[in-house]
Amino acid sequence: MADKNHTIPAKGLLSSNRKNWDCDKSTHFESGRKNHQIKVHDLRERVQARRKSLNDSLEGEVRAFLINEAELHTYDDLTKVNPVTPTTVLKCLQARYSARVFYTHAGCTLVALNPFHPVPHLYSLDVMKEYHTAPKPQEFKPHIFIVAEEAYRNVQGQIEPINQSLVVSGESGAGKTWTSRCLMKYYATVAASSQSCQDTVDRIEKRVLDSNPIMEAFGNACTLRNNNSSRFGKYIQLQLNRSQLLVGASVQTYLLEKTRVAFQATNERNFHIFYQMMKGATEQQRQEWRMPHDQRFNWLPNADKTLEEDCFEDTLEAMVHLSIDSEKQAQIFRILAGLLHLGNVAFSPPTDESQPCDLEEASKVFLSTTSELLRIPVEELQSCLRVRALKAGRQSALLKPCSQAECGVRRDCLAKVIYAQLFDWMVSFINKSMCADNSSWCNFIGLLDVYGFECFHNNNLEQLCINYANEKLQQHFVGHYLKAQQEEYVSEGLKWSFVKYQDNQGCLDLIEGSPTSIFSLLNEVCRLNRASDAKQVMARLEKELSGNDRVSWDKFSQQPHFIVSHYAGKVSYQIEGMMEKNKDPVPPELIRLLQQSEDPLMHSMFVDIDAEGVTARGHNKVVTVVSKFKNSLESLMKILHDTTPHYTRCIKPNPDCRPLTFKKEEVITQLEACGIVETINISAAGFPIRIPYASFLQRYGLITHARAPAQLTSLNGFESGDKDSLGSAVMDVLRVVLRRHTAYPQLHSDTTTHSSLVHCGRTKVFLTHVMLESLEEHRAKVRSQKAWSIQCYWRKYQRRRREARRQAATLIQAVVRSWLIRQQIKKWTKAAAVIQQKWKEWRTLMDALAEAELDDAEDMLEETLASLPVLDPLVRERGSVQLSSLQEPVVVRSWPMGLALASAPNITVALTATGFQKVMSMLATLKMPFRSGEYKVETNQFDQGVASIRAQPRGSVKMHLQRSPLRFANMYPGHKGDGITGFNQILLEKHRQSGV
């Protein structure tokens, strides 16, 4: 029994064991869970304690930093703030704003606070030139000109010449338009400072600057948040040639808010150009435009409000500078006046529904004035506004009267399409007057000025597109600075801890994502081309987008809407009217009517538009507003991705646009929305400049005579060996530069590859601005030394070349001179031979004549000796005759002079010569004075005439010596005054010998 009592069945045993096991398991599980909870609780307490200690320490650091408030305005760069928190950044900006310092560096961006007050000295020409000519503009006070100069020098090729883009972003009223205007003026001034092509530069820069008043007059308006709000986006390309001179410019526009022409919200105004015409027109223009002073227009609300932008003279002057002549101006303003009169046309419901709407008497006058100004038939205009044509397939169109609301819609549609086409024509004309040929420019600097983030009481499709554009720009900033930089640091091997930031990619997916988004649903509703109810569209959005946390709905709102959480805050959009605006329908009869206009400008604007294709049915022909805007924005983003961006964040310090008023809540919201704090953290800890190894060596390799091979200029072909060789070459360059940097002696070692100034990654060199300036300075010194060496060798080469040329010239001159002398000697030899021959002939003739005369004289002497008295002994001794004793003078022809002179002074010799020079030369040849104690020499050239004949001398002797050989006789002066030598001496000697 006992055994039986102690026997336990198997089933009972298993069940007992299972119960025990379950009990133990539950007990063990409970104890384990309690231990885990205790551990988690302890860990949570430690984390909370650590977080509390960190918060306490951070708060302590913030308090310590904010103790000295007097020095907060001295922080030009917010990266120097420690610690970087929204509070410290806000306090520094507030202190600088109070000190009237409106620009502050925030790492890689510039923060600009709108003073809402003119500061002319801050943007003068002297300030521009000061920043442009400075070797290191970064050392100056923060300014928008620093950003402009940095972009300009990057185009010049500080690292590598690449196109630049300056993105000016911010809320509406933050000062984007003014900042863009200052940037354009700066570049125009910098380009105009060059000496070459001065006329062209002056013309281009003047046109670039004058395009601003026209674009603002036609595209800006006064809104609730800004008196000069841009109602369109524009991207201006300043085209530069290889010398970085401004040679042209072009303007690209995005999404003009043309609905403002026909609708203005409460306390807002129409475009500036209409108010300029009302306030600045002359009496003659008012009569031409039918705009008397007391006339009121429905589309010109708040006309009594006076703004600085209501300056009609500036717009007219800009038009003249852009070559818009007076005829074109008259056509433009006539069209604008016609639009104002069209706005006063009102329709009343007809008495019979089958008839078109009626027009009041005043509306008929306005309609007639509109047709007159637009140069279109008034009957057709009235018909197009009140009757619509319905066409089904290929059947003929059916005419149907429009309701009162439809007539107003068609009127507004006509005004919008005319203004939009006029605006596009104006932009096209400005581009034609400024844009340069593609061959004349190689780089550009782009200025992006888009509408700021907007949030009004009633927001519709325009605000959705505007905020979508701002989301795209914010994403570009996030992707370029906050996301891409950190990912690149990690991939290049930098020790980096990620900085958290607000990514707005979810909001972009909500607006433009695929397959379902707000844009896709709006386009789908428009392509169905059916009347759609706003509540149905709202229900469709709730159904398709309910899973997205970026969109929400207000259940207590009675109007169909949806709320989008943007990076700058939540915005509620009204659905009512959004589909019609997205369709943007233009009745074809209106286009055909405008094509018939007799106004040349109006006709040219619509002549190329296909009226039938505007509202053609079919999915492939429906192009919605959001589709066109999305495509244009994508092309803009592509340009920004291909350029080096420079961001300027404009901050609106107060919502009421009051001068020098700083609202902390307003500013901190904008700082958090655009990610300024995260940007400062990344910029402070990171390296803003990143250069590939090959590009680094191409620019700075000359410091150590290192060069990257040509095949390694592209990073795609790098191998590990190539990276190592380039990395060692880069390190050599950095060591040389850092060796001179006394503040960082630890960088001299060979093993150092990174520091707070530079880091060598796997394929790139990461630099700070300080290191870049050191590299540029060292490169400039090396280039200066090499340039000096090149100049020395060049001067040496030039000197050697000049010496060689001088020697060659001397040799050539010697050869030429010797040749010329030889030629001259040959001529002289030939001439001497001729002279000798003639002389010999002449001498032979003279000898013969002399002998004949002597023989005749001897015969005559013998005949007269008997009859003559006894002669003087002196004469007898000389062997001559005494002629003075003769009573009558005897004229002797060609008596030798030697013989005649031998009888002196007993005879008088008269000489005849033609010309005073011949007389003087003859006397000089004889070498005898005019008077002597023994004889007298007289000339009978002027009183006696020619009287020489051959005869026996019987008194005074007259001689004609015009061709006497005495001129060529070789006469030499003797010791005596009456000494005679030469040919005459020969004759005398012969005479003496014969006398003896």
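For the reader, a short list of remarks on this structure follows.
- Meets criteria (modelled with pLDDT under 90 and surrounded by 14 or more Cβ atoms within 10 Å (Cβ to Cβ)) for residue 583: yes
- Count of segment 153-183 residues which are surrounded by 21 or more Cβ atoms within 10 Å (Cβ to Cβ) and outside any loop (DSSP other than H, G, I, E, B): 13
- For segment 390-449, the set of residues classified as closer than 30 Å to residue 167 by Cα and charged (D, E, K, R) consists of 416, 424, 432, 437, 449, listed by residue number.
- Residues of segment 483-530 that turn out to be of a type in the set (A, V, I, L, M, F, W, C) and farther than 29 Å from residue 579 by Cα, as a count: 6
- Segment 81-101, subset part of a loop (DSSP other than H, G, I, E, B) and closer than 16 Å to residue 650 by Cα, residue nearest to the chain's Cα centre (by Cα): 101
- Condition met for residue 560 (out of contact with any Ser or Thr (no Cβ under 8 Å at 6 or more places or on another chain), buried (at least 16 other Cβ atoms within 10 Å of the Cβ) and not aliphatic (A, V, I, L, M)): yes
- Residues in segment 356-391 that are part of a strand (DSSP E or B), under 19 Å from residue 413 (Cβ atoms) and of a type in the set (D, E, K, R): 388 alone.
- Residue within segment 122-139 that is in a loop (DSSP other than H, G, I, E, B) and modelled with pLDDT of 90 or more present: yes
Residue by residue, here is whether (1) touching a Leu at 6+ places or on another chain (Cβ under 7 Å); (2) at pLDDT 80 or above; (3) part of a helix (DSSP H, G or I) holds:
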site: 457; (1), (2), (3): no, yes, no
site: 464; (1), (2), (3): no, yes, yes
site: 470; (1), (2), (3): no, yes, yes
site: 477; (1), (2), (3): no, yes, yes
site: 482; (1), (2), (3): no, no, yes
site: 490; (1), (2), (3): no, yes, yes
site: 499; (1), (2), (3): no, no, no
site: 507; (1), (2), (3): no, yes, yes
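- The set of residues in segment 334-373 that are in contact with a Gly (Cβ under 9 Å, 6 or more places away or on another chain) and surrounded by fewer than 16 Cβ atoms within 10 Å (Cβ to Cβ) contains only 372.
- Segment 260-269, residues that are crowded, with 20+ Cβ neighbours inside 10 Å and β-branched (Val, Ile, Thr): 261
- Segment 102-121: number of residues that are part of a loop (DSSP other than H, G, I, E, B) and out of contact with any Lys or Arg (no Cβ under 7 Å at 6 or more places or on another chain): 7
- Among the conditions (1) at pLDDT 85 or above; (2) under 24 Å from residue 439 (Cα atoms); (3) not in a helix (DSSP H, G or I), residue 187 misses just one, which is (3).
The values are calculated or read from the model by the stated rules, or taken from the named source; none is laboratory data. Everything numeric in this text was worked out from a predicted model, so none of it was measured. All Cβ positions, glycine included, derive from the backbone under ideal geometry; neighbour counts span all protein chains shown.
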